[in-house]
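The values are calculated or read from the model by the stated rules, or taken from the named source; none is laboratory data. Everything numeric in this text was worked out from a predicted model, so none of it was measured. For neighbour counting, all protein chains shown are included, and Cβ atoms are generated from backbone atoms with ideal geometry for every residue, glycine included.
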Amino acid sequence: MLDLTTENITENVQIANSSCSDRRVRYLFERLVVHLHDLVREPRLSTEEWMAAIEFLTKVGQTCTDTRQEFILLSDILGVSLLVDAIDHPKPKGSTEGTVLGPFHTHEAEDVTNGANISTDPQGKPLLVICKVRNLAGQPIENARIDVWETDSKGFYDDGNFWFKAIVPVPYPIPSDGPVGKILGTLNRHCYRPSHMHFMFDHPVYDPLITALYLKNDPYETSDAVFGVKSTLVVELKTVQDKGIAEQYGVDVGCALINYEFVLVTKQEAIDMRYRNAEAAMKAQGKQMQYINGLPVPDID
């Protein structure tokens, strides 16, 4: 590895990394080096810009705490989080699409029963949420666990239906007091997320689903700071008009209402689709594929 130049440095780094015995790790670093070197070569990166990038990433790490993950926030605002979810949890037509997890989800939420009021905010506008959970064949899915982000509360259901009381979500800013917020300012981007409510579904047979419902006509519907909105997840906020329905669910007539049906895919359906998509992506690179531990690598050995 003598006489290294801008033209041959990439090839030489690849040679140095080629002895890695883990083929997936070797493949990931091969692609990382190619794209990272191109990021330097194509815009002719300066030493000052290189150092600024290192200092920025250092500050991102220093900003992380037990309750704040600035690296996930960075991934979110660059669209990486959504891309990873879409690739790792592909959704066939007719199923509910996934969206970003976000940097502030907690696993220390309170368990509540079906129909509970999961909001403790007396200032919020009351909301009734009525949902169904089905598979692609239209059959109800029982015994799933649901995590609702808006209130950091969890619910259970056993008949393919669940409902709860909450408050109408409102737009809010992602943290902008750290390095990620500074980057948004540099890019002349706002830091707001549209009104939404997160849902996560967990079931032993079905592929995990992390998704959210977004309110139609929100001012940030088409400019979400973390690119989470998908048209199939945009819902119209309605109101409870029927007195019998209001009495059944213990709310007032005129209460805000969200009604939605979630459609999950089985783990095997997701695995099969992930394989097909990976094979197509590898073929687009002009390579044959092998699958090792459920992950694609080029078939070159």
Output for segment 21-63, where each listed residue is out of contact with any strand residue (DSSP E or B) (no Cβ under 8 Å at 6 or more places or on another chain) and among the aromatic types (Phe, Trp, Tyr): Phe29, Trp50, Phe56
Selected residue (only one of Phe56, Phe71 is under 27 Å from Arg189 (Cα atoms), surrounded by 14 or more Cβ atoms within 10 Å (Cβ to Cβ) and touching a Gly at 6+ places or on another chain (Cβ under 9 Å)): Phe71
Take the residues of segment 215-235 that are polar (S, T, N, Q) and in a loop (DSSP other than H, G, I, E, B): which is nearest to Ser75 (Cα to Cα)? Ser223
Go through the residues of segment 98-117 one by one and say whether even a single one is closer than 23 Å to Asp224 by Cα, more than 14 Å from the chain's Cα centre (by Cα) and of a type in the set (A, V, I, L, M). no
Tyr220, sole failed condition from (1) farther than 17 Å from Ala256 by Cβ; (2) surrounded by fewer than 16 Cβ atoms within 10 Å (Cβ to Cβ): (2)
Going by the conditions given, is Ala212 part of a helix (DSSP H, G or I) and either of a type in the set (Phe, Trp, Tyr) or buried (at least 18 other Cβ atoms within 10 Å of the Cβ) (or both)? no
Considering only segment 239-255, I want to know if a residue exists there that is within 27 Å of Thr99 (Cα to Cα), free of Cβ contacts under 8 Å to residues at least 40 places away in the same chain and not polar (S, T, N, Q). no
Which one of these is surrounded by 15 or more Cβ atoms within 10 Å (Cβ to Cβ), closer than 23 Å to Ile130 by Cα, at pLDDT 95 or above and under 18 Å from the mean Cα position of the chain (by Cα): Val240, Val263? Val263
Only one residue in Tyr249, Tyr275, Tyr260 is of a type in the set (Ser, Thr, Tyr), closer than 23 Å to Lys93 by Cα and in contact with a strand residue (DSSP E or B) (Cβ under 6 Å, 6 or more places away or on another chain), so which one is that? Tyr260
